[in-house]
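Enquirer: I am attaching a structure below and will ask some questions about it afterwards.
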Amino acid sequence: MRRGANRARYERDEVLAILDAGLIAHVGVTTPDGPLVLPMVYGRDEERLYLHGAAANHLLGTGEGHEICVTVTHLDGLVMARTPFHNSMNYRSVVVRGRATRIDDADRKSYALKLVTDQIVANWDTSRPPSEIDLRRTLVLELPLAEASAKVRAGDPIDEPDDIAGPWWAGVVPVSTRFEPPVASADYTGDLEPPAAISALAGRSPDDRAPPAGG
């Protein structure tokens, strides 16, 4: 990392912790029509990141066999400096780059899809299992975590010494995300309570939820 190298993090545990707390990745691919970036859910184990979409997904289909870039970002606060030129944000982010490979083996595809599902909330084992048709309609790519780095900013504004003595306000506006209690679907006719893993999300932040199965 060149720019902002003082905020770079390469420790494996810190990179994985940022990934584990994430909900959405932005996936960038160079297509024949130009660069394309789309938000996607993801999963991971110790060695690889997994992405999935419909079998006809243009971005993933184009990315298969090529270098792609995946980013995960958490916004933790707005950093308001004494001059707008020093405004910033507190954040945690991870960038993963590498060659994406398609998974065709049925067992490995199911393994990867479970990790993707449980990355958000561990409900793979409490839902209807995917059918063979579901699996055929789904494209799964794996991306090695060999080239992954994090970038983190935390703390107060960094102002000019002359500005610090001035009258202007400076500080941080914290930003947080919290899960609300689950609400049953309008067409749900059963009498079951939500699975424990889903109910347990209420009141928690993404950082506080149970770690993904791949963690």
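Please treat every number below as a calculation from the coordinates, not as lab data. Nothing here was measured: the structure is a model prediction, and the numbers come from that model.
Enquirer: Based on alpha-carbon centroids, what's the gap between region 146-198 and region 65-144 in Å, whole number please?
Expert: The two parts, judged by their Cα centres, are 18 Å apart.
Enquirer: Okay, moving on. Which translational diffusion coefficient, to the nearest whole µm²/s, is obtained for region 128-192 from the Stokes-Einstein equation, given a Kirkwood hydrodynamic radius over C-alpha pairs, 10 °C and 1.306 mPa s?
Expert: Once the numbers are plugged in, D ends up at 81 µm²/s.
Enquirer: Please work out the Kirkwood hydrodynamic radius for region 1-105, using every pair of different C-alpha atoms, and report it in angstroms with one decimal place.
Expert: Across region 1-105, the inverse of the average 1/r is 15.5 Å.
Enquirer: Considering the chain as a Gaussian network with a 10 Å cut-off on Cα pairs, which listed residue, Tyr111, Tyr42, Tyr188, attains the greatest mean-square fluctuation?
Expert: For the chain, modelled as a Gaussian network with Cα springs under 10 Å, the answer is Tyr188.
Enquirer: The list [x] 56, 40, 25; [y] 67, 47, 32; [z] 62, 48, 35 gives values of Cα extents along the principal axes in Å, and only one came from this structure; which label was calculated from it?
Expert: Among [x] 56, 40, 25; [y] 67, 47, 32; [z] 62, 48, 35, the one calculated here is [y].
Enquirer: While we're here: If each DSSP helix of 4+ residues adds -39,500 (n - 2.57) and the sum is divided by the residues in the chain, what number results at 222 nm, nearest 500 deg cm²/dmol?
Expert: -5500 deg cm²/dmol
Enquirer: Still on this structure, please answer the following. For region 90-210, what percent of Cα pairs sit more than 20 Å apart?
Expert: Result: 67 percent of Cα pairs exceed 20 Å.
Enquirer: Over the alpha-carbon set of region 43-153, divide Rg by the Kirkwood Rh and report the Rg/Rh ratio to two decimals.
Expert: 1.10
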